[in-house]
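Participant: Dropping the structure in here first, questions after.
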Amino acid sequence: MSADTLQVLASAGKGESTRTILRFIILSLIAGAAIASRLFSVIRKCPLSAGSQLLSWQSRPSRRGQLSGLLRLSAFWAALLTAASFQVSRALFTNVGSPSLSQSCARAERQSRMVADNPLVDPWFNFRATKYLVANGFYKFWDWFDDRTWHPLGRVTGGTLYPGLMVTSGAIYHALRALTIPVDIRNICVLLAPAFSGLTAFAAYLLTNEMTPSPSAGLLAAIFMGIAPGYISRSVAGSYDNEAIAIFLLVFTFFLWIRALKQGSMLWGVLCALFYGYMVASWGGYAFITCLLPLHAFVLICMGRYSTRLYVAYTTWYALGTLASMQIPFVGFLPVKTSEHMPALGIFGFLQLLAFLDYVRSAIPSRQFQTFLWLFAGGTFGLGLAALVVATSAGFIAPWSGRFYSLWDTGYAKIHIPIIASVSEHQPTAWPAFFFDLNMLIWLFPAGVYLCFQNLADEHVFIVVYALFGSYFAGVMVRLMLTLTPVVCVAAAISASSLLDTYLNVKSPNAEEHPADDNTDGKKSGKTGLKSTSKPVVGIYGWLSKGTVAGAMTVYLLLFVMHCTWVTSNAYSSPSVVLASRMPDGSQHIIDDYREAYQWLRQNTKEDAKIMSWWDYGYQIGGMADRPTLVDNNTWNNTHIATVGKAMSSREEVSYPIMRQHEVDYVLVVFGGLLGYSGDDINKFLWMVRIAEGIWPDEVKEREFFTPRGEYRVDGEATETMKNSLMYKMSYYNYNSLFPPGQAQDRVRQSRLPEVGPSLSTIEEAFTSENWIIRIYKVKDLDNFGRDHASAAAFDRGLKKKKAAKKRGPRQLRVD
Amino acid sequence: MAKSRNVTPSPAAAATAAAAPPQQPSTPAPAPAPVKQVAKSAPSSKQNWDQVVVNLVNHYQNKTPQRTKLIDAFMAFLVVVGALQFVYCVLAGNYPFNAFLSGFSATVGQFVLTASLRIQTTEANKSDFPSVSPERAFADYVVCSLILHFFCVNFIN
């Protein structure tokens with residue numbers, strides 16, 4: 001029975017339909033592997049598992065690692081071999097079982113993990129919003145006013161977020177419910193990103209297939225997309241962020257655009273517009289598409305490649321896409337008002353003119369057309385320029401926004417908008433990051449772009465434009481590495497596949513076969529009639545050269561898979577709120593201070609106790625502790641953040657009124673000095689100072705936090721301003737008591753602290769977590785006797801001393 | 001504007017005479033003939049401009065199928081409606097900006113879609129669209145229009 005089916009399969013292996021089926025199977029395998037590789041973090045411990053059923057998934061990580069390693073390897077081999085043939089692929093599928101490879105995968109998996117410096121926090125907000133959506137329905141979600149964030153102000157959440165992610169998971173949730181599959185919304189949120197990464201691999205396959213006739217290029221692109229660390233970083237299980245679905249939408253929109261452009265079809269154009277609308281609903285990075293498509297169109301026009309197809313595709317996309325993007329309340333009128341969107345509008349108008357001119361050219365003779373063209377072009381250019389000047393000066397078109405300027409001038413944000421520059425993802429990319437995130441793709445990428453120049457069609461121009469555009473922006477901001485990754489995968493796949501197609505060609509023409517080849521060529525050249533246009537038979541036929549190159553390529557691909565496995569398991573799989581470290585004896589030690597502290601807040605404070613912390617922790621407090629916060633990661637109000645910054649960086653006497661005015665009950669700081677956790681508040685302190693200084697330049701001065709020699713110190717040499725700031729005091733309060741006298745040491749900043757620690761009068765310590773990472777202080781109420789806090793605290797201290805003195809002294813009777 | 005009109009046509013004016021004869025059979029209308037005879041004289045620039053327009057109009061009237069003319073009438077109507085809305089917006093203020101935007105983009109979008117339909121159904125462009133038959137073009141047109149108007153109605157408030 002099975003032998004029969006195998007025979008049937010083998011005989012049909014040359015048929016076109018079977019190949020399609022085979023390709024589909026392999027593609028789904030790749031998608032499956034892409035999903036599996038993102039489940040490392042679930043296998044361990046999931047960021048969203050505050051409660052959690054998902055912890056029960058944590059069974060035997062090594063076995064799981066083996067499994068997903070196997071999956072990935074098999075998919076990798078499979079893609080390699082579609083290029084060859086069905087027979088070989090079957091042989092190699094069995095090869096995959098070779099234990100050494102999978103074991104090394106598992107070993108890499110088991111290696112120690114780095115401490116994540118940059119905890120992802122947006123998922124917490126998204127998760128909270130999704131819960132709200134599922135609980136209250138779509139319309140309530142749309143009108144959601146959240147009074148538990150930005151404490152006195154509140155936030156019109158429904159109108160200030162990109163709802164695509166939440167609506168997607170809400171829709172999946174309801175669809176599964178309708179199919180009577182009871183599933184928790186949390187599980188959907190955790191697994192959404194890996195699921196969409198499978199779709200991204202598929203979209204990359206489609207996009208690459210538009211570029212090249214080679215059947216293996218698409219599969220290679222799918223593989224690369226599936227395991228490239230640059231994309232895995234944002235799509236591991238539990239990273240429930242906008243980028244999770246946005247990258248799929250980005251790639252798929254590009255695919256639809258290319259399809260629309262190639263066919264000149266309105267239907268594909270409108271599909272492109274719809275997915276563009278979905279993208280706008282999901283991620284602020286949609287501006288990337290808004291700028292890239294007009295740029296592509298513009299480059300095509302400049303190259304003299306204007307065609308009616310371009311007109312149909314672009315105008316359909318723009319007219320419908322803009323309208324679709326305006327449906328999102330957060331975007332609103334931006335597409336017609338801000339300068340980021342103006343290039344798209346300009347190209348739209350330009351194409352109308354071109355189409356008209358094109359029509360006129362077909363109608364009248366060329367000499368007359370020249371006359372017409374000059375008049376027409378001059379007139380419209382003048383009119384357009386005048387309109388632009390008038391509109392900009394009259395304020396109809398807003399000037400470029402700050403985030404946009406920071407793309408052009410990397411120094412701009414640091415000077416003008418500290419709040420943007422303070423986000424670590426907005427920093428310029430370091431060189432090693434490119435290699436870390438893309439590995440060998442980074443050197444295949446230019447080759448792929450070069451191959452695009454070889455036969456330059458409209459779609460290849462797109463890859464070239466995208467490559468330039470994406471590389472520039474990836475160099476400007478770390479987070480934009482994400483938008484570069486797709487084009488790197490596509491270009492690398494094109495070059496890798498052309499290499500493999502050249503060197504893995506099994507058929508080597510013998511001397512006898514040569515005349516036959518010449519004959520077929522002769523037919524073609526007979527048609528054109530030009531001998532020189534017929535291609536000579538060129539190829540590599542020596543087994544040695546074939547074997548060397550194919551072997552080297554295989555080794556590179558294997559190394560790539562290893563690198564991806566290593567990066568994924570080491571850098572991107574550690575749940576961000578749970579830190580892991582290693583004990584001296586090699587055993588793993590879990591540092592769970594964040595959850596400990598949030599749990600404490602949840603259980604020991606009033607339901608509406610306001611927590612003041614730096615904005616980085618706002619979403620986590622809102623999501624895990626369920627307490628109102630003053631500021632959070634949605635940094636829409638710079639002044640409010642600066643207020644918190646001022647409270648943190650001023651003296652207690654200044655901070656206390658601020659905290660009273662904002663009804664703060666607790667203050668939360670993150671302190672890594674005991675553990676050596678470098679992402680703590682003292683290291684972020686300068687940003688607080690800078691942001692506060694932006695609003696109150698007279699009261700907060702960054703210079704005063706540096707020593708006269710320009711050093712940022714926390715030890716005995718620290719400036720008075722530094723020592724008196726609330727943040728410093730809260731971080732080091734009572735820290736001395738952990739050490740022998742005079743031995744207190746900060747392990748992050750490698751400095752010895754002064755013998756006498758800071759004293760606090762307006763707030764009191766409420767909670768300190770196990771490793772001192774989180775410290776929570778309670779803001780004291782006004783003094784009962786109407787004293788100010790400093791004197792009350794001094795009195796308390798004085799009283800204690802007196803009592804102690806009394807005990808020591810001889811007891812005396814009062815004689816009166 | 002006036003200056004450019006004086007400057008640019010001068011090389012073209014001389015060329016018109018050469019270019020016109022092949023034009024003649026394609027536009028059998030009698031109108032251009034007298035114009036061409038005076039084309040060489042110095043003050044002919046204006047007439048030359050006229051001639052371009054006249055050629056254009058003739059070509060349009062004689063070479064365009066009836067159905068395409070119908071499409072063109074619709075496009076002209078859309079342009080008029082769009083211009084009216086724009087003038088209203090400029091004169092009377094854009095207060096319900098949603099309403100203005102959706103109305104205006106409905107006309108613009110419909111214009112663009114109709115133009116695409118016209119391009120795709122024109123015989124001369126057939127080689128550009130190997131996969132789009134006129135029937136397919138019309139079906140696409142209907143689908144796109146439906147989506148466009150859905151968005152407009154949703155946005156109009």
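The values are calculated or read from the model by the stated rules, or taken from the named source; none is laboratory data. This one's a predicted model, so the numbers in the text were calculated from it and none came from an experiment. Counting neighbours? That spans all protein chains shown, and the Cβs are built from the backbone with ideal geometry, glycine included.
Participant: What helices (runs of 4 or more DSSP H), lying completely within the range A:194-301, carry at least 2 residues that are modelled with pLDDT under 90? I'd like the intermediate steps shown before the answer.
Facilitator: Numbers: elements: A:215-227, A:229-232, A:242-263, A:266-282.
Output list reads A:215-227, A:229-232, A:242-263.
Participant: Can you say whether B:N62 is over 30 Å from A:F369 (Cβ atoms), at pLDDT below 90 and within 11 Å of chain A (Cβ to nearest Cβ), as far as the supplied structure shows? It would help to see each step written out before you state the result.
Facilitator: Details: over 30 Å from A:F369 (Cβ atoms): no; at pLDDT below 90: yes; within 11 Å of chain A (Cβ to nearest Cβ): yes.
No.
Participant: Only one residue in A:L357, A:L351 is within 13 Å of another protein chain (Cβ to nearest Cβ), more than 30 Å from B:L146 (Cβ to Cβ) and assigned to a helix (DSSP H, G or I), so which one is that?
Facilitator: Details: A:L351 fails: more than 30 Å from B:L146 (Cβ to Cβ).
Of A:L357, A:L351, the one residue that is within 13 Å of another protein chain (Cβ to nearest Cβ), more than 30 Å from B:L146 (Cβ to Cβ) and assigned to a helix (DSSP H, G or I) is A:L357.
Participant: Restricting to the range B:96-120, and then to whatever is of a type in the set (G, A, S) and within 8 Å of chain A (Cβ to nearest Cβ), can you tell me which residue is nearest to the chain's Cα centre (by Cα)?
Facilitator: The initial filter retains those residues of the range B:96-120 that are of a type in the set (G, A, S), namely B:99, B:102-103, B:105-106, B:109, B:115-116.
If we keep only those that are within 8 Å of chain A (Cβ to nearest Cβ) as well, we get B:102, B:105, B:109, B:115-116.
Numbers: B:S102: 23, B:S105: 18, B:G109: 15, B:A115: 9, B:S116: 12 Å.
Across the range B:96-120, the extreme among qualifying residues is B:A115.
Participant: Just to be sure I understand, how many residues within the range A:605-647 are hydroxyl-bearing (S, T, Y) and touching a strand residue (DSSP E or B) at 6+ places or on another chain (Cβ under 9 Å)?
Facilitator: First pass over the range A:605-647, keeping only residues hydroxyl-bearing (S, T, Y): A:605, A:613, A:617, A:619, A:629, A:635, A:639, A:643.
This time we only want the ones that are touching a strand residue (DSSP E or B) at 6+ places or on another chain (Cβ under 9 Å), so: A:605, A:613, A:617, A:619, A:629.
Counting residues in the range A:605-647 that are hydroxyl-bearing (S, T, Y) and touching a strand residue (DSSP E or B) at 6+ places or on another chain (Cβ under 9 Å) gives 5.
Participant: Another one. Looking only at the range A:282-296, decide whether some residue is more than 29 Å from the chain's Cα centre (by Cα) and of a type outside the set (D, E, K, R).
Facilitator: Taking the range A:282-296 first, the residues more than 29 Å from the chain's Cα centre (by Cα) are none.
There is no residue in the range A:282-296 that is more than 29 Å from the chain's Cα centre (by Cα) and of a type outside the set (D, E, K, R).
Participant: Of the residues that make up the range A:744-761, is at least one farther than 21 Å from A:Y712 by Cβ, buried (at least 16 other Cβ atoms within 10 Å of the Cβ) and in the same structural domain as A:H662 (by TED's automatic domain parsing)?
Facilitator: yes
Participant: Mind checking which helices (runs of 4 or more DSSP H) fall wholly inside the range A:649-725 and carry at least 1 residues that are surrounded by 23 or more Cβ atoms within 10 Å (Cβ to Cβ)? Please lay out each step first, then the result.
Facilitator: Numbers: elements: A:652-661, A:681-695, A:720-724.
Of the helices (runs of 4 or more DSSP H) lying wholly inside the range A:649-725, those with at least 1 residues that are surrounded by 23 or more Cβ atoms within 10 Å (Cβ to Cβ) span A:652-661, A:681-695.
Participant: Can you pull out every residue in the range A:620-630 that is farther than 14 Å from A:I641 by Cα and either touching a Lys or Arg at 6+ places or on another chain (Cβ under 9 Å) or of a type in the set (G, A, S) (or both)?
Facilitator: Correct list: A:I621, A:G622, A:G623, A:M624, A:A625, A:D626, A:R627, A:P628.
Participant: Taking B:A99 as the residue in question, decide whether it is of a type in the set (A, V, I, L, M), buried (at least 17 other Cβ atoms within 10 Å of the Cβ) and either at pLDDT below 90 or under 30 Å from A:A273 (Cα atoms) (or both).
Facilitator: On the way: of a type in the set (A, V, I, L, M): yes; buried (at least 17 other Cβ atoms within 10 Å of the Cβ): no; either at pLDDT below 90 or under 30 Å from A:A273 (Cα atoms) (or both): yes.
Taking the combined requirement at face value, the residue does not satisfy it.
Participant: Which members of the range A:320-341 meet the condition of being crowded, with 20+ Cβ neighbours inside 10 Å and under 25 Å from A:V299 (Cβ atoms)?
Facilitator: Matches in the range A:320-341: A:L320, A:G321, A:T322, A:A324, A:S325, A:P335, A:H341.
Participant: Still on this model: State the number of residues belonging to the range B:121-136 that are within 7 Å of chain A (Cβ to nearest Cβ) and touching a residue at least 12 places away in the same chain (Cβ under 8 Å). Before you say what the answer is, go through the steps one by one.
Facilitator: Initially, the range B:121-136 is screened for residues within 7 Å of chain A (Cβ to nearest Cβ), giving B:124-125, B:128-129, B:131-132.
If we keep only those that are touching a residue at least 12 places away in the same chain (Cβ under 8 Å) too, we end up with B:132.
Residues flagged as within 7 Å of chain A (Cβ to nearest Cβ) and touching a residue at least 12 places away in the same chain (Cβ under 8 Å) within the range B:121-136 amount to 1.
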